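Structure first, commentary second.
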């Protein structure tokens, strides 16, 4: 079975980016996809009775500087605001939570 991969990020060095892997049926339902930046990508699907917007992302860890974290969450909030209100929304990805009290 063939898959379609949607990628957002650097094309040359393959160091960063986020991707969505679609099956053939999912590819047929895809109506639009938007690479936002190396941490966020959106894909819109139309089904029989529903429209779905998938937001795939990975967040910077708490170790990242505040500017990087603020930029990511501000961009994510802007992306969420632009999703049509009638769409079902799914946020998926790695929000890089760290557990435990080890500060090192």
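Values in this text are rule-based calculations from the coordinates and carry no lab data. Remember, it's a predicted structure, so these values are computed and weren't measured experimentally. Here Cβ is always computed from backbone atoms with ideal geometry, including for glycine, and neighbour counts include all displayed protein chains.
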**Message:** Using a 7 Å offset from Cα along Cα-Cβ at residue 38, what residues in segment 47-83 end up with backbone N under 17 Å from the label point?
**Reply:** 57-73, 75-76
**Asked** Taking the Cα atoms only, what angle lies between the long axis of helix 66-81 and the longest principal axis of the chain, rounded to 10 degrees?
**Response** 20 degrees
**Item:** Nearest-0.05 FRET efficiency for residue 85 and residue 4, computed from C-beta distance (R0 30 Å)
**Value:** 0.65
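Which order do the peptides 34-45, 77-88 come out in when sorted by mean C-beta neighbours inside 10 angstrom, highest first? Spell out each step's value before the answer.
Numbers: 34-45: 19.0, 77-88: 11.1.
Going by the mean number of other Cβ atoms within 10 Å, highest first, we get 34-45, 77-88.
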**Complete:** Inter-part gap, Cα centre of segment 15-67 to Cα centre of segment 72-92, in whole angstrom, is 10 Å
